[in-house]
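Novice: Sharing a structure here in C-alpha cells format.
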Amino acid sequence: MAYPKVSHLSSAVPSSPRFPAIEEAVLKYWAQDGTFQASVENRDAGENGDNEFVFYDGPPFANGLPHYGHLLTGYVKDVVPRYFTMKGRRVERRFGWDTHGLPAELEAMSQLGIKTTDEIREMGIAAFNDKCRESVFRYTNEWEDYVTRQARWVDFDNDYKTLDLDYMESVLWAFKQLHDKGLAYEGFRVLPYCWNDQTPLSNHELRMDEDVYQVRQDPAVTVGCRINDGELAGALALIWTTTPWTLTCNLAIMVGEDIDYVVVESSVPTGTSERYVLAEARMQAYAREFTGDSKGDVSELVVARLKGTDLLGLTYTPPMSYYLGHERAFRFVPAEFVTTTDGTGLVHTAGAFGEEDKQITDREGIEVVVPVGIDGAFTHPVTEYAGQLVLDANLPIIDHLKARTRLDADGASGEQGSITDGTVVLRRESYDHSYPHCWRCREPLIYKAVSSWFVSTTKIRDEMLALNQEITWVPGHVKDGQFGKWLENTRDWSISRNRFWGSPIPVWKSDNPEYPRIDVYGSLADIERDFGELPKNANGEPDLHRPFVDDLTRPNPDDPTGQSTMRRVTDVFDCWFESGSMSFAQVHYPFENADWFEHHFPGDFIVEYIGQTRGWFYTLHILATALFNRPAFQSCVSHGIVLGNDGLK
C-alpha cells in the first residue's frame, strides 16, 4: 500500500484539498501498516533500557467525554515522544484509565437516580460498585476515536487501569511502606467537606482550578456574649462571623494579645445602657450601631481601654445553650492569627469547623463537638435545626438571635430557640466573599472535623523541595513558583474517603477497644496468610473492592478471651493516591518487573495543564519522595488552560 501523500488521482495540485479525507487516509495507512508499533519495536531498548525514553501518560476518567483541554495536552504528549523516536530512542506510550473515586460514583448515582450514601447501602455496595465499573468504561470507544483522530500514537491494547487487581495491590504496598516509615497515620482533623457527596476533600483539591473558589453572599452577624467575671462582668464581648450556623457550637473567643481593645458604653443598640468590648481599630466601623449615625464619633463613648492580654482567662456565656457546662470551654484564649482588618478583633471559634480553630481548641484542652451528620445537616443536641442543612440554618438562627435581643430589650415575644439570656445581636449584614466549592458537584463546601488517614507530607517537605530542584520545568518559573511554593506550604494529605468504589485502605482494627490492635497489609499474600483466603467476587475471582474485602475478618490475636474481631476500616483511597501511584503500580511493582522499574524510574517526561501542580504532579512527587527518595519525573511541561467563549474552563 502506497503512503497516501495526496488525496486525488491526478498529478495536479487541487485548489481545494479535502484535508479530513487526507488525514483519514493517513490514519488508515498507519493502522494497516502497523507504523506506530514498528516505530517502537524497531528501536532497541539498550542495556537495562538505556535507549528508552520513558513517558508517563496521565490517566483520564473514561466516564466523561474528552474536550479541547485534552486535545491541547494530547498534542504535546504526541510530539515529544515522536521527536525522541526520530532520534532513535525506543518510546513506549501506554494509555491509562483513572477508574475509581467520586467521578465514577457520581455518574453511577446519576444513572441510578439516587442521591445519598444511605440509598447506596440500601441497594447494596456490590450492586452499586457493579454500576460504577460499568460507568467508568462508558466512553472508552469515544476516547480511543478522539485520540486516534488527532493523529496521536498511543498503545491502547496494553493500557493500565486503576481498578485492576495488580494495580490495586501495588497501591496497598505503597500505603504499607508509608505506614512502616511513620508517614501514614489516622487523625481527626478539620478538612474541606462536601455534604452533597458526603466525603472530605484534600486541601490540594481546592487549589487546582481558580473556579473552585466562587463569590458567594452569606449572612454575617455581630453578636454580643456576656462576660461573667472581673471588672468586665456583664459587658458584651462582640464576635463577628460569616457562618452563623457555627454559633451552635461556640467553644471559645480568640483574642490578639497585643491588640488594643476598648469598652464602649451605649444605649442605642438595645435601648438600655450596655458595655461592649471590641478592638479599638474596629469601633468606628460600628458607628451607626453605637451612635445612631454612621459618621458618629465612637471614641466619645469609650469608657475603658485594655490589651488583649487583659481579657485572657475571663469566661463568658456562649450565644447558644447546647453545650453549657462543656469542660474548659467559654474562655478568652490567645491566637496569633486574630486581626483587625474586619470583624471586631474578637474571633468566635467552634473548634470542629475551622482548621486553625481546632488547633486552638486542641491546645486549650477543649474537646470539640460535631453535631453535624455526613449529609451536612444538624443532629442532636441541636434540636431546633435537626435535619436542616447547616448552611440553610443561618437565617433561622439569625431570626432567633433577633428575637432574643428584642425580648431582653423590650419584652417583645418571638421564638428564640436556644439563644442564651442576655445575648445580643448588634448587626446583621450580607457579606460577599470568595468561597470554596466542590470541584466535582460545585456545591459550597463546609469545613468539618472528620476522621481520616493522612500522609505526613510535612515530615518530608525538605526532601520534596530538594528533589524538585532535579526536575526540568517548562516554563522554568513553575519550579520555584507555583509548584515550589506549594511544596513549601504543604499540609498533610488526606488520602481516605468514606465512600465505596476504590482501592481499600488496608487496615484492620480490633472491634473491642479493651484489646486494641491494628494490622496493615501490603500484599495479597499477607492478606491470604492471615485470613486463610483472598477476598473474592461473585465470580470467584480475587477482588479487593468493597464489599468483598470488608467480609474478611479474623479473631483478634491479642484478645485472650477470643471475643473481639479484626475488622477492616471501611474507607477507600482517594483516587489521587491511586493516580499518584501510577509510576510503579502500572507495572505491578514490587511484585513484578522490579528490575525493569529500577532502570526506568524516574520517568523522562510528563505533561499536563498547570492545575496539576496541585494535583497529579503533586501526588506523584509526594509518593516518589516518600517511597524512593527520587523525583517521579525528570522533565515536565505544564501548559495553560483552554477556556470556553464564556471565559471559563
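The values are calculated or read from the model by the stated rules, or taken from the named source; none is laboratory data. Note that the coordinates shown come from a computational prediction; the quantities given were computed from them, not determined experimentally. Backbone-built Cβ (ideal geometry, glycine too); neighbour counts: all protein chains shown. Quick note on the areas: whole protein, heavy atoms, side chains included, nothing else; ligands and nucleic acids left out. Shrake-Rupley method; radii C 1.70, N 1.55, O 1.52, S 1.80 Å.
Novice: Pairs under 6 Å by beta carbon, first residue under 21 Å from ALA377 (Cα atoms) in segment 347-367, partner open to solvent by 20 Å² or more (accessible area, probe 1.4 Å) and acidic (Asp, Glu), six or more apart or different chains?
Specialist: From residues that are under 21 Å from ALA377 (Cα atoms), the pairs are THR349/ASP357; GLY351/ASP357.
Novice: So which residues in segment 466-497 are open to solvent by less than 70 Å² (accessible area, probe 1.4 Å) and in a loop (DSSP other than H, G, I, E, B), if there are any at all?
Specialist: Matches in segment 466-497: ILE471, PRO475, GLY476, GLY481, THR490, ASP492, ILE495.
Novice: If you don't mind, there's one more thing I want to ask. So the check is Cβ under 6 Å with 6+ separation or different chains; which pairs have a first residue in segment 553-564 that's free of Cβ contacts under 8 Å to residues at least 40 places away in the same chain and a second one that's in a loop (DSSP other than H, G, I, E, B)?
Specialist: Within 6 Å, the pairs are PRO555/GLY562.
Novice: Any idea which residue in segment 342-395 is surrounded by the most Cβ atoms within 10 Å (Cβ to Cβ), counting only those that are under 28 Å from ARG282 (Cα atoms) and of a type in the set (Val, Ile, Thr)?
Specialist: Once the filter is applied, the top-ranked residue is THR344.
Novice: Tell me, yes or no, whether segment 47-61 has at least one residue that is modelled with pLDDT of 95 or more, open to solvent by less than 50 Å² (accessible area, probe 1.4 Å), over 24 Å from the mean Cα position of the chain (by Cα) and among the polar types (S, T, N, Q).
Specialist: Scanning segment 47-61 turns up at least one residue that is modelled with pLDDT of 95 or more, open to solvent by less than 50 Å² (accessible area, probe 1.4 Å), over 24 Å from the mean Cα position of the chain (by Cα) and among the polar types (S, T, N, Q).
Novice: Within segment 420-466, count every residue that is of a type in the set (Val, Ile, Thr) and within 25 Å of the chain's Cα centre (by Cα).
Specialist: Start the filter on segment 420-466 by keeping residues that are of a type in the set (Val, Ile, Thr), which leaves 420, 423-425, 446, 450, 455, 457-458, 460.
Subset that is within 25 Å of the chain's Cα centre (by Cα): 446, 450, 455, 457-458, 460.
Looking only at that region, the number is 6.
Novice: When the residues of segment 152-166 are filtered to those that are assigned to a loop (DSSP other than H, G, I, E, B) and not basic (Lys, Arg), which remaining residue is nearest to SER583 (Cα to Cα)?
Specialist: THR162
Novice: Identify all residues within segment 612-638 that are part of a strand (DSSP E or B) and open to solvent by 30 Å² or more (accessible area, probe 1.4 Å); write none if there are none.
Specialist: Of segment 612-638, the ones part of a strand (DSSP E or B) are 633, 635-638.
Scanning segment 612-638 gives SER635, VAL637.
Novice: I'd like to check something: does segment 421-434 contain any residue that is modelled with pLDDT of 90 or more, closer than 16 Å to TYR322 by Cα and β-branched (Val, Ile, Thr)?
Specialist: yes
Novice: In segment 74-90, which residues are among the aliphatic types (A, V, I, L, M) and either surrounded by 15 or more Cβ atoms within 10 Å (Cβ to Cβ) or part of a loop (DSSP other than H, G, I, E, B) (or both)?
Specialist: Here is the first cut: in segment 74-90, the ones among the aliphatic types (A, V, I, L, M) are 76, 79-80, 86.
Across segment 74-90, the qualifying residues are VAL76, VAL80.
Novice: Then there's this: Testing THR272 on (1) at negative phi; (2) under 38 Å from the mean Cα position of the chain (by Cα); (3) not in a helix (DSSP H, G or I), one condition comes back false. Which one is that?
Specialist: For THR272, the failing item is (2).
Novice: Which residue is farthest from LYS77 (Cα to Cα), if the candidates are limited to segment 93-129 and must be surrounded by fewer than 16 Cβ atoms within 10 Å (Cβ to Cβ) and of a type in the set (D, E, K, R)?
Specialist: The selected residue is GLU122.
Novice: Among residues belonging to segment 130-147 that are among the aromatic types (Phe, Trp, Tyr) and buried (at least 17 other Cβ atoms within 10 Å of the Cβ), point out the one that is farthest from the chain's Cα centre (by Cα).
Specialist: At the first step, the residues of segment 130-147 found to be among the aromatic types (Phe, Trp, Tyr) are 137, 139, 143, 146.
If we keep only those that are buried (at least 17 other Cβ atoms within 10 Å of the Cβ) too, we end up with 139, 143, 146.
Working: TYR139: 26, TRP143: 27, TYR146: 30 Å.
Across segment 130-147, the extreme among qualifying residues is TYR146.
Novice: Check off (1) at pLDDT 95 or above; (2) open to solvent by less than 50 Å² (accessible area, probe 1.4 Å) for HIS437 and give me the number that stays unchecked.
Specialist: HIS437 satisfies all of (1) at pLDDT 95 or above; (2) open to solvent by less than 50 Å² (accessible area, probe 1.4 Å) except (1).
Novice: Right, next: When only residues in segment 210-242 that are open to solvent by 20 Å² or more (accessible area, probe 1.4 Å) and of a type in the set (Asp, Glu) count, which is farthest from ILE622 (Cα to Cα)?
Specialist: GLU231
Novice: Give the residues of segment 237-269 that are in a strand (DSSP E or B) and either in contact with an Asp or Glu (Cβ under 6 Å, 6 or more places away or on another chain) or hydroxyl-bearing (Ser, Thr, Tyr) (or both), sorted by residue number.
Specialist: So in segment 237-269, the residues in a strand (DSSP E or B) come out as 237-241, 252-255, 260-266.
Scanning segment 237-269 gives THR241, ASP260, TYR261, VAL262, SER266.
Novice: Residue by residue through segment 300-318, note down the ones that are open to solvent by 10 Å² or more (accessible area, probe 1.4 Å), over 20 Å from THR423 (Cα atoms) and touching a residue at least 24 places away in the same chain (Cβ under 8 Å).
Specialist: Listed by number, the residues that qualify are LEU301, VAL302, VAL303, ALA304, ARG305, LEU306, LYS307, THR309, ASP310, LEU312.
Novice: Something else about it: Go through segment 576-599 and give me each residue that's open to solvent by 10 Å² or more (accessible area, probe 1.4 Å) and in contact with a strand residue (DSSP E or B) (Cβ under 7 Å, 6 or more places away or on another chain). I'd like the intermediate steps shown before the answer.
Specialist: As a first pass, look at segment 576-599 and keep what is open to solvent by 10 Å² or more (accessible area, probe 1.4 Å): 576, 586-596, 598-599.
Residue satisfying the conditions is GLN586 alone.
Novice: If I filter segment 449-485 down to residues being of a type in the set (Val, Ile, Thr) and in contact with a Lys or Arg (Cβ under 9 Å, 6 or more places away or on another chain), which single residue comes out as farthest from ILE374 (Cα to Cα)?
Specialist: Taking segment 449-485 first, the residues of a type in the set (Val, Ile, Thr) are 450, 455, 457-458, 460, 471-472, 474, 478.
Next cut, in contact with a Lys or Arg (Cβ under 9 Å, 6 or more places away or on another chain) only: 450, 457-458, 471-472.
Numbers: VAL450: 10, THR457: 27, THR458: 28, ILE471: 41, THR472: 43 Å.
Here the answer is THR472.
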